1. What do you reckon, is Ala98 out of contact with any Gly (no Cβ under 8 Å at 6 or more places or on another chain), small (Gly, Ala, Ser) and open to solvent by 20 Å² or more (accessible area, probe 1.4 Å)?
2. Scanning for something open to solvent by 20 Å² or more (accessible area, probe 1.4 Å) and modelled with pLDDT of 95 or more, does the range 28-37 turn up at least one residue?
3. For the range 48-149, which helices (runs of 4 or more DSSP H) that fit wholly inside it have 2 or more residues that are under 30 Å from Ala239 (Cβ atoms) and under 20 Å from the mean Cα position of the chain (by Cα)?
4. Can you name the condition, by its number, that Asp49 falls short on among (1) over 21 Å from Phe254 (Cα atoms); (2) surrounded by fewer than 16 Cβ atoms within 10 Å (Cβ to Cβ); (3) modelled with pLDDT of 95 or more; (4) of a type in the set (Asp, Glu)?
5. Here are Asp92, Asp123, Asp135: which of them is acidic (Asp, Glu), open to solvent by 70 Å² or more (accessible area, probe 1.4 Å) and within 20 Å of Ala179 (Cα to Cα)?
6. So which residues in the range 216-251 are under 30 Å from Leu166 (Cβ atoms), touching a helix residue (DSSP H, G or I) at 6+ places or on another chain (Cβ under 9 Å) and either open to solvent by 30 Å² or more (accessible area, probe 1.4 Å) or without any contact (Cβ under 8 Å) to a residue 24 or more places away in the chain (or both), if there are any at all?
7. Is it the case that the range 194-213 has a residue that's acidic (Asp, Glu) and either surrounded by fewer than 17 Cβ atoms within 10 Å (Cβ to Cβ) or on the phi > 0 side of the Ramachandran plot (or both)?
8. Taking the criterion of being hydrophobic (A, V, I, L, M, F, W, C) and part of a strand (DSSP E or B), would at least one residue in the range 183-197 satisfy it?
Amino acid sequence: MTISRRFLIRIAIASATAAFLSLAGLAAPATAQEKVTVFAAASMKNALDNANKAWGAQGGRAVAVSYAASSALAKQIESGAPADIFISADLDWMKYVADKKLVKEETRSNFLANRIVLIAAKDKAAPVDIKPGLDLAGLLKGGRLAMGEPNSVPAGKYGKAALEKLGIWASVEKSIAGAESVRAALALVSRGEAPYGIVYQTDAAADPGVAVVGTFPEDTHPPIIYPIAILSESRSSDATAYLEYLKSEKAAPFFKKEGFTVLK
């Protein structure tokens with residue numbers, strides 16, 4: 001093989017390699033933008049799944065949702081987990097990520113409101129008058145009170161605040177079955193592993209195995225607000241359109257159906 005032929009072959013290989021790398025570089029961002037990744041509080045699953053189906057039906061790109069306790073999701077975001085939108089079940093965990101400059105502040109707003117309720121297995125449900133001095137420990141009869149982990153999971157924090165305001169916390173503190181999310185607490189009651197539980201009214205409505213036996217007065221706990229925001233590291237070109245859709249009149253019925261109050 002002559003030197004000139006070797007040179008030409010090397011040039012051809014180099015050109016092909018450069019073209020490949022160029023195409024690969026162009027393809028990578030497009031792949032990253034093929035879907036909107038959402039980190040959402042576990043209590044939103046039914047409503048958000050239905051809203052996402054409608055979004056897809058009207059031509060929106062695929063949405064991938066990771067449901068968990070807001071505390072866990074906030075920590076994942078802090079650790080660099082890739083996501084486009086965060087929907088927290090309380091203001092504290094949204095503030096946590098915002099204070100670390102992890103959200104686009106101009107997109108942050110209060111999205112939904114909720115209530116907390118006392119639930120029991122449907123076949124054992126009897127109305128409970130939730131008021132100061134309620135003998136909740138007596139109702140438990142040695143069983144556990146299922147709720148989100150009281151020091152981190154939003155539903156658990158709201159529940160603890162309400163029980164403290166009613167003067168009940170000290171009597172049931174040692175009977176708490178602190179769950180990793182509100183849906184996990186719901187499951188404990190639905191499966192009969194705990195006689196009572198404290199969950200959002202939206203979760204209670206999603207499980208036919210439980211019934212609401214009482215609703216906690218709104219003045220016994222901080223307002224239950226779900227804020228939403230686009231994350232600073234979002235790479236989705238559809239994140240803004242998707243967020244606007246969730247806050248639109250088109251999506252509102254999906255959240256109202258599950259018991260949320262849509263905030264304007």
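1. No; evaluated as a whole, the condition is false for this residue.
2. So in the range 28-37, the residues open to solvent by 20 Å² or more (accessible area, probe 1.4 Å) come out as 28-35, 37.
Okay, now just the ones that are also modelled with pLDDT of 95 or more, so 37.
The answer is yes; a qualifying residue exists.
3. Numbers: elements: 70-78, 91-99, 136-140.
Once the helices (runs of 4 or more DSSP H) in the range 48-149 are filtered for at least 2 residues that are under 30 Å from Ala239 (Cβ atoms) and under 20 Å from the mean Cα position of the chain (by Cα), what remains is 70-78, 91-99.
4. Result: Asp49 passes all but (1).
5. On the way: Asp123 fails: within 20 Å of Ala179 (Cα to Cα); Asp135 fails: within 20 Å of Ala179 (Cα to Cα).
That would be Asp92, the only listed residue that is acidic (Asp, Glu), open to solvent by 70 Å² or more (accessible area, probe 1.4 Å) and within 20 Å of Ala179 (Cα to Cα).
6. Listed by number, the residues that qualify are Pro217, Asp219, Pro222, Pro223.
7. Looking only at the range 194-213, we keep the residues that are acidic (Asp, Glu), and these are 203, 207.
With the extra rule that they be either surrounded by fewer than 17 Cβ atoms within 10 Å (Cβ to Cβ) or on the phi > 0 side of the Ramachandran plot (or both), the set shrinks to none.
No, the range 194-213 contains no residue that is acidic (Asp, Glu) and either surrounded by fewer than 17 Cβ atoms within 10 Å (Cβ to Cβ) or on the phi > 0 side of the Ramachandran plot (or both).
8. Looking only at the range 183-197, we keep the residues that are hydrophobic (A, V, I, L, M, F, W, C), and these are 184-189, 194.
Remaining after also requiring part of a strand (DSSP E or B): none.
Within the range 183-197 (the criterion being hydrophobic (A, V, I, L, M, F, W, C) and part of a strand (DSSP E or B)), the answer is no, since none of the residues qualifies.
The values are calculated or read from the model by the stated rules, or taken from the named source; none is laboratory data. These numbers come from a predicted model, not from an experiment. Cβ coordinates were reconstructed from backbone atoms using ideal geometry, including for glycine residues, and neighbour counts include every protein chain displayed. We work out accessible area using only protein heavy atoms, side chains counted, and drop any ligands, DNA or RNA first. Shrake-Rupley method; radii C 1.70, N 1.55, O 1.52, S 1.80 Å.
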